[in-house]
Amino acid sequence: MLSKNEKLFEGTYQYFQQGQNYSQENFTVEHNEETGDLVFHAEIMSRVETGEFFKMQIHYLLNQFYVPQVLTIEKSLGDKLAREIFEVDPTTQTLRYSFKSGETLQTTERPFSSTKHYLAAPCFVTAGLFTATKKIDTTARTPVHFVTPKTGWEFAGAPEDKIMWVDLKTHDTDDLEVGGMPLTALQFELHDEDALSGNVKSGAHMWVSKHYGIPYQLEEKDGGKIVIRRLKKLKQNLEKIF
């Protein structure tokens, strides 16, 4: 008999650019008490310039040590449909990637080290997962190695490596609020380059919960912003989140 996942949290993010709300992400976080697995579900909806709705659904399964097992991405826009599946084999340290668009299915493999790589998903609720296992240097920028898919409606090859440089700015801050309640969070600054590679420029700022790496807010250099508008704890005996 299959064990059942229990929902821990559900919530909503809103995406803004120059103050204009252009997209929304609804999410749930589930836990399997028998296996310890975590599952992040996200649905992102946006209206594009043609008036059509872009919709993307993400399902991300990780084990109890936050090692990714399966990531599924399904997206649609009008008559366009695409499905991507990422499967991690921890024994062989490989990532199997498949892309299906229409009747065409293509697959590829690449190395993937669970101690080095973080598999990036195109949703905000999983953007802080690296903070659950990565030790962030408090005195210098820390490189975080992400494996990211090549976005698009056609197969464009195996997922690629991308390094993000992370600064821990604040250990505990309660300057964020949801529904009038202050949130205790870690504040990080994210950079595309190391400080030694050129002029030190301000990066994006992200506030992340200590619980399951759930992010609360992101502020980008170009005025982009992602804000949590609703967060509900569904399991009452969890350690207090607020």
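Rounded to two decimals, what is the ratio between the C-alpha radius of gyration of the range 16-167 and 2.2 N^0.38 Å?
Taking N as the residue count of the range 16-167, the ratio is 1.10.
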Exercise for the section: Determine the relative contact order of the chain: mean sequence separation of Cα pairs under 8 Å and six or more apart, normalised by residue count, in whole percent. Expected result: 16
Practice task
Taking every Cα atom in the range 110-165, find the radius of gyration and the maximum pairwise distance Dmax, and write them in Å.
Solution key: 12.6, 42
Practice task
Excluding residues on the same chain fewer than 8 positions from Lys100, give the aspartates and glutamates whose Cα lies under 17 Å from its Cα.
Solution key: Glu74, Asp79, Glu84, Glu87, Glu109, Glu154
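With a Förster radius of 25 Å, plug the Cβ-Cβ distance of Ser98 and Glu6 into 1/(1 + (r/R0)^6) and report the FRET value to the nearest 0.05. Intermediate results must be reported in sequence, preceding the final value.
Numbers: r = 29 Å, r/R0 = 1.17.
For R0 = 25 Å, the calculated efficiency reads 0.30.
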Practice task
Could you look at the range 39-173 and say what percent of its accessible area is carbon and sulfur, using a 1.4 Å probe and all protein chains?
Solution key: 51
Exercise for the section: Starting from the residue with the highest accessible area, list Ile163, Ile73 in decreasing order, probe 1.4 Å. Expected result: Ile163, Ile73
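Which entries in Lys75/Lys225; Lys75/Lys162; Lys135/Lys162; Lys7/Lys162 show an alpha-carbon gap greater than 28 Å? Write out the running numbers ahead of the final one.
Values: Lys75/Lys225 22 Å; Lys75/Lys162 22 Å; Lys135/Lys162 18 Å; Lys7/Lys162 31 Å.
Violating the 28 Å limit, Cα to Cα: Lys7/Lys162.
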Fill in the blank from the handout: Under the 7 Å Cα-to-Cβ spin-label approximation, Glu34 and Arg229 lie apart by a distance in nanometres of 3.7
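Tell me, what is the per residue accessible area of the range 1-120 in Å², probe radius 1.4 Å? Walk me through the numbers on the way to the answer.
Working: 6700 Å² over 120 residues.
It amounts to 56 Å² per residue over the range 1-120.
The values are calculated or read from the model by the stated rules, or taken from the named source; none is laboratory data. All values derive from a computational prediction rather than experimental measurement. Ideal geometry is used to build each Cβ from the backbone, glycine not excepted, and the neighbour counts take in all protein chains shown. For accessibility, only protein heavy atoms count, side chains too; no ligands or nucleic acids. Shrake-Rupley method; radii C 1.70, N 1.55, O 1.52, S 1.80 Å.
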